[in-house]
Amino acid sequence: MKHNWILLNLPDPYPICQCLECKLSVEIHGTDCLSKFSNCEGKPPDPVELADQNEREFLSDVKQLEPAAEKLGIKLEHIVHYAGALLKWSTAGYPTRTQSEVDRILAICEDCDEYIKGRCKKCGCNASASKIAVLNKIRMSTERCLLGKW
């Protein structure tokens, strides 16, 4: 017998889906259970399958931004990198670095040829002493230097 999943609620940060037949609930990260898992076999969605599907959809959506990014002088790969950084950071629960860690990393960035006016040319992210982590890659403790410098 196929089971049907419904969207139970839309809380922040993740929606909850529930099987109508067995009442099993599962937290869904970044997708719509109504369209993707409407006819299950009584099992919740496979997290690996879900992650792969989310990545494919994300890349497809981002590709549509390419003309606008070019007009703004922004590299599409920088948009993808920043979005991935935000996803990883939010999934980890928004962990941040201490001010001393930020200061140490910022000194490394400032000595790098890829660092210009508060931004890394390699990844496109802001790197500063700002305490607002969403606007500052080095404040997010889930992030690393693409060049392996920190």
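Readers should treat all values here as calculations from the given coordinates under stated rules, not as data from a laboratory. Since we're looking at a predicted model, the values are computed, not measured. A quick note on method: Cβ atoms are made from the backbone with ideal geometry, for glycine too, and the neighbour counts reach across all protein chains shown.
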Review point. Pairs, please: C-beta under 6 Å, at least 6 apart or cross-chain, first residue more than 19 Å from Ile132 (Cα to Cα) and in the range 72-99, second of a type in the set (Val, Ile, Thr)?
Key: Val80/Val62
**Study point:** Residues (crowded, with 16+ Cβ neighbours inside 10 Å and among the hydrophobic types (A, V, I, L, M, F, W, C)) located in the range 70-85
**Key:** Leu76, Ile79, Val80, Ala85
Practice item. Tell me which of these Cys109 doesn't satisfy, since it passes every other one: (1) touching a residue at least 12 places away in the same chain (Cβ under 8 Å); (2) surrounded by fewer than 19 Cβ atoms within 10 Å (Cβ to Cβ). Key: (2)
